[in-house]
Amino acid sequence: MASSVEDPVVALQTFLEAALPHKPTIREAAARIESEMLRVWATLYEVLLTAYGVRLRPGVTYMDIAALFNTVIEGALLRTRSLGVAPRISTGEHILAAAIIKMLPGLCEITPVEVETRRRLLPVALPDAPVAGE
């Protein structure tokens, strides 16, 4: 996350989206970039969750997971930028990791206890992921 916080391109994109939300060219470019990025992340989440033996709950898609996680990630990046340090919850865990871990049982067929058990299985062997758009 630190590299994204310090990346001037990420900061510029965030600024443009916030400062010029009603400009059609900004909205269209942001939507196109986000759509492409979410497809790549959805593919990665599918590979990871499959490797860990985790199935999605009915009605949930990998694009849903990518969109939800991306929203949390963007918020964590913004807070990290404004605070100068990655925010943590009362346990000391990074807020981003904690939020995603807490979301998993609602999105996937996995209990909170199973999430913790599977976290300890690191690293799992991952198959080669397909390249987005292929």
**Message:** Restricting to region 28-46, name every residue that is over 24 Å from Val115 (Cα atoms) and surrounded by 16 or more Cβ atoms within 10 Å (Cβ to Cβ).
**Reply:** Ala30, Glu34
**Request:** Determine whether region 95-114 contains at least one residue that is out of contact with any strand residue (DSSP E or B) (no Cβ under 8 Å at 6 or more places or on another chain), modelled with pLDDT of 80 or more and not in a helix (DSSP H, G or I).
**Result:** yes
**Fill in**
Exactly one of Val40, Val72, Val54, Val60 is touching a strand residue (DSSP E or B) at 6+ places or on another chain (Cβ under 7 Å), modelled with pLDDT of 90 or more and on the phi < 0 side of the Ramachandran plot, and that residue is Val54
**Asked** With respect to Val60, is the statement that it is within 23 Å of Met37 (Cα to Cα), touching a helix residue (DSSP H, G or I) at 6+ places or on another chain (Cβ under 6 Å) and not charged (D, E, K, R) true?
**Response** yes
**Check on Ala132, open to solvent by less than 70 Å² (accessible area, probe 1.4 Å) and at pLDDT below 75** = yes
**Request:** Would you please name the residue that is modelled with the highest pLDDT, looking only at residues in region 115-129 that are surrounded by fewer than 10 Cβ atoms within 10 Å (Cβ to Cβ) and among the charged types (D, E, K, R)?
**Result:** Arg120
**Complete:** Filtering region 47-71 for residues that are open to solvent by 80 Å² or more (accessible area, probe 1.4 Å) and within 14 Å of Ala125 (Cα to Cα) leaves a count of 1
**Request:** Examine region 86-93 for a residue that is without any contact (Cβ under 8 Å) to a residue 60 or more places away in the chain, open to solvent by less than 30 Å² (accessible area, probe 1.4 Å), within 23 Å of Ala125 (Cα to Cα) and not in a helix (DSSP H, G or I), and state whether such a residue exists.
**Result:** no
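The values are calculated or read from the model by the stated rules, or taken from the named source; none is laboratory data. Just so it is clear, the structure is predicted and the values come from calculations on it, not from any experiment. Every residue, glycine as well, gets a Cβ built from its backbone with ideal geometry; the counts of neighbours run over all protein chains shown. When the accessible area is computed, the model is the full protein with side chains, heavy atoms only, and any ligands, DNA or RNA have been set aside. Shrake-Rupley method; radii C 1.70, N 1.55, O 1.52, S 1.80 Å.
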